[in-house]
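Have a look at the structure below, then the notes.
Only the coordinates and a few stated rules stand behind these numbers; no lab work does. Here the structure is a predicted model, which is why all the values come from computation and not from measurement. Cβ: placed from backbone, ideal geometry, glycine included. Neighbour counts: every protein chain shown.
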Amino acid sequence: MTQASKLLITGAAVALMCGAASTTTRAADLGKGGANDLEDRVAELEATAARKGNRAVTLQVSGQVNRALLIWDDGTDSDAYVVDPDSDGSRFRFTGEAKIKPGWSAGYIMEMNVVDSASNRVSQLDDEGLNESNGFSIRQNAFYIESEQLGRVTLGQASQPTDGINEIDIVATYATVSKTHYAGNFLVRTHDGDLTAGDANGVRWQDVLGAIGGTQEDIIRYDSPSIYGFIVSASWGDNDIWDASLRFAKEWNSIKLAAGIGYLKDNRDEAGFNIDSQLSGSASAIHVPSGLFATVAAGRRTFDDDSPDATNWYVKGGISKNWTGYGATTLFADYAHFNDFGVGARRDIDGSGIGSLDTITGSESNVFGFGIVQGFDSAALNIYAVAQFYDTDIEANIGDVNSDDHFALILGSHIKF
C-alpha cells in the first residue's frame, strides 16, 4: 500500500469519527436547537399517547378550575366562604372526533362538574353548601354526527339550544348579576334583623332571582351550518320538552357582535315542573380598537297555572384593553331587574312553622354589580374581583316582607387547561 493510500484511508477514518462525535454532541446539546427538537418529540409522543387505544378517534382533555372567595353581609351577619361559582365552575372534559369520509365526521363530548362548595348552596346556615350535587356530576355526555353541508345532530345529555341564550357575552367577567347570584341560597333577612323563618323553609334570594334559559338535558339536537353568521338549532328531550334558537356572530371592520334568541316549551307533567314556556335572548358587542363593550339581555317565563309571567332584563357595559402587556384588563358595571319571580312558592315567612306555610304573591328585585378582571394570556388565567348588591320587595298572602339588602364581594381566579 502506497503512502498516499495510507494517508487517504487515515483521513477518511478521522472524518468518520469527527462526524460521529458531532452527531453525538448535537444530540446531547440542549443549549441551541436541540431543546426545541426534544420538546417537539415529547409533544409528538404525548399526542400519540392521547390517542392510545384507538388511533382513528382523537382524544383531547381540557377544562377549567374556577374558585372564589365569597365575602358576604346580610345587614346583620357577615362571613367569608371559599366557593365554586355555580354557573361557570370547575370542570373537565374529554372530546374527540373521527373522519367518516370527506365532509363527514363523528365525535363525542364527556364533561364532568367538580363541585366542592357550590356558591348556589352556601348560606348563613351552611358554609359548605352540602348537597347531593357536591363532588362529581355529569354535565354533558353525548356523541354527534356532522356534515359540513347539512349540519350536526347530537344525541345524549347535552346543552339545549336555549342554554345560555340570555347570557351571550363577548367579554367574560365571571360573576355577572344576570346569572351568577352569590346570594342565591342565602335567606332573606327582614328589617328587624330576623331571617325569614330562620331555617330551610324561609324565603331565599334564589326564589326572587333567576336566569331565563335552557340547561343540560337528555336530548336529540340539530345545529345548522353557519349561514352568513346565522346558526339555527332545535332539540327535543325526555318527557316532551323542546326548544329552538337562532344565534348570530359577525365581525365588521372594528366591531364584533354576537346575539341570540330562543324559545323553550316545557310539556312535562311532573311535580315541581309548572313552567309552560320561556322566551329569552341577548346581544353583546365590542369596539375592538377602543375596547368599549356593551351587553343586553331580556326574558319572559310563563306558567301552567295562574301565576303572572316572570320577566327579567339586564345591561352591562365597560372597557377591556391590554394596558399591562400581560392580558386584557376589564372594568365593568352591570344591572339586572327581576319581576314576579317566585310567585306561588310556599315559604314560612312569619315563622309559624312548616305546617302553616305562606305564599309569595309578587316580587320585584334588583341586583347591581361592578368589578375588574385581569387576564394573563401566557397562563390562560383570569383573576377577578366583583361586588354585588341585592335588594327586593316581596309580597305575600300575609302582607309585604320588609327585607334588608344583601352584599357580596367575590375574589376569584379562573384558569383553563
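Derived value for region 224-380: Kirkwood hydrodynamic radius 19.0 Å. Basis is the mean of 1/r over every pair of different alpha-carbon atoms.
Amide H to amide H, with H built 1.01 Å from N, Arg67 comes under 5 Å of Ser413, counting only residues 5 or more places away or on other chains. Counting neighbouring beta carbons within 10 Å and listing from fewest to most, the residues Leu409, Leu69, Leu209 come out as Leu69, Leu409, Leu209. Once the Cβ-Cβ distance between Ile383 and Ser78 is put in as r, and R0 is 30 Å, what FRET efficiency do you end up with, to the nearest 0.05? That pair, Ile383 with Ser78, gives E of 0.80. What is region 200-285 by shape, rounded, prolate or oblate, if you read a ≥ b ≥ c off the alpha carbon gyration tensor as root eigenvalues and call it rounded for a/c under 1.5, prolate for a/b larger than b/c, and oblate otherwise? Since a/c reaches 1.5 but b/c is at least a/b, the shape of region 200-285 is classed as oblate.
In order along region 290-297, the phi-based Karplus estimate (6.51 cos²θ - 1.76 cosθ + 1.60, θ = phi - 60°) of 3J(HN,Hα) comes to 8, x, 6, 9, 8, 9, 10, 7 Hz; Gly and Pro are listed as x. Taking 0.36 nm per residue of separation and subtracting the Cα-Cα distance, full extension of the segment from Trp104 to Asp405 would add 102.9 nm. With the simple model of a label 7 Å out from the Cα in the direction of the Cβ, Phe376 to Ala333 spans 3.0 nm. Take the Cβ atoms of Thr215 and Glu251, set R0 to 35 Å, and the FRET efficiency comes out at 0.75.
A crude spin-label estimate for the pair Glu364 and Asp194, with each label 7 Å from Cα along the Cβ direction, gives 2.6 nm. Here region 97-121 is scanned for amide nitrogen atoms under 19 Å from the site 7 Å beyond the Cα of Ile145 along Cα-to-Cβ, giving 97-109. In terms of surrounding Cβ atoms within a 10 Å radius of their Cβ, Ser356, Ser233 rank from fewest to most as Ser356, Ser233. Neighbours of Leu155 by Cβ distance under 14 Å: Lys/Arg scored +1, Asp/Glu scored -1, total -3. Once both labels are positioned 7 Å from their Cα atoms along Cα-to-Cβ, the gap between Trp323 and Asp304 label points is 5.3 nm. Among the listed pairs Lys99/Lys316; Lys265/Lys416; Lys99/Lys265; Lys101/Lys250; Lys99/Lys416; Lys101/Lys321, those whose Cα-Cα separation exceeds 32 Å are Lys99/Lys316; Lys265/Lys416; Lys99/Lys265; Lys101/Lys321.
Taking the Cβ of Val367 as the centre, find all other residues whose Cβ is under 10 Å away and add up their charges (Lys, Arg: +1; Asp, Glu: -1).
Result for the neighbourhood of Val367: -2.
Put in order of Cβ neighbour count within 10 Å, fewest first, the listed residues Thr302, Thr215, Thr190, Thr162 become Thr215, Thr302, Thr190, Thr162.
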